[in-house]
1. How large is the convex hull of the Cα atoms of region 1-83 per residue, expressed in Å³ as a whole number?
2. Order by neighbour count: Val14, Val46, fewest other Cβ atoms within 10 Å first, most last.
3. Using Cβ counts within 10 Å as a stand-in for footprinting exposure, how do Glu51, Glu108 rank, fewest first?
4. So, how do all the Cα-to-Cα distances of region 12-159 break down into 10 Å bins, in percent, from 0 on up?
5. Quote the charge dipole size of region 12-159 about the Cα centre in Debye, to the nearest 20; the model charges only the Cβ of Lys and Arg (+1) and of Asp and Glu (-1).
6. For region 12-159, what relative contact order do you get, as a whole percent, if you take Cα pairs closer than 8 Å and at least 6 residues apart?
7. Report the rotationally averaged projected area of region 38-121 based on its alpha-carbon convex hull, in square nanometres.
Amino acid sequence: MTKRTAPPFQHQAVEDVFAGYAPAVRTALLVLRALIFDTASKTAGVGQVEETLKWGQPSYLTPATGSGSTIRLDRLKGDDRGYALYFHCQTGLVDLFRTQYGDLLHFEGNRALHFSIDDTLPTEAVRHCIAQALTYHLNKRKKSRSHKQVIPQVRQSRCE
């Protein structure tokens, strides 16, 4: 796994959760954490990422811009070599990732990407998935605006 730098922990409680992971899983999760911050810094419209705990899991949000959907990470329960990135199950993000990377990534339903410390992290695919999650609401708003612009034109052309 490639070492990435990430900012210091924003809350002691988050740092404590990381400290509680087994060393190999902690290292893998720290790589994902760094990848989230690195991707956010290189993705237009995301802004600053806030790190907090949700459901006891390290979670990453974009409160300043509202651009993204929350990303959580954690170890896999019952699998001392597994870890995951979790996404809101009602966003459709995991289904999108499955169509893009179904041959490369491992999925849990409509909510997670699973990884093993025994495998090489497919960094660029995961980075792309993270970027899409961090811009989920931003992209949804763009689609909504373009859809609103198209509808009046269609109605006008039908009335003429």
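Each value in this text was obtained by applying a stated rule to the coordinates, not by laboratory testing. Bear in mind the structure is a predicted one, so any value in this text is a computation, not a measurement. When we count neighbours, we look across all protein chains shown, and the Cβ atoms used for this are built from the backbone with ideal geometry, even at glycine.
1. On the way: hull volume 7.8 nm³, N = 83.
Spread over its residues, the Cα hull of region 1-83 gives 94 Å³ apiece.
2. Numbers: Val14 17, Val46 20.
Taking fewest neighbouring Cβ atoms as first place, the list is Val14, Val46.
3. Working: Glu51 19, Glu108 13.
Going from sparsest to densest Cβ surroundings: Glu108, Glu51.
4. Reading the bins upward from 0: 11, 38, 32, 11, 5, 3, 0.
5. Values: 19 positive and 14 negative charges, 237 e Å.
Taking the Cα centre of region 12-159 as origin, the dipole is about 1140 debye.
6. Values: 206 pairs, mean separation 31.8, N = 148.
With pairs under 8 Å counted, the relative contact order is 22 percent.
7. Result: 6.2 nm².
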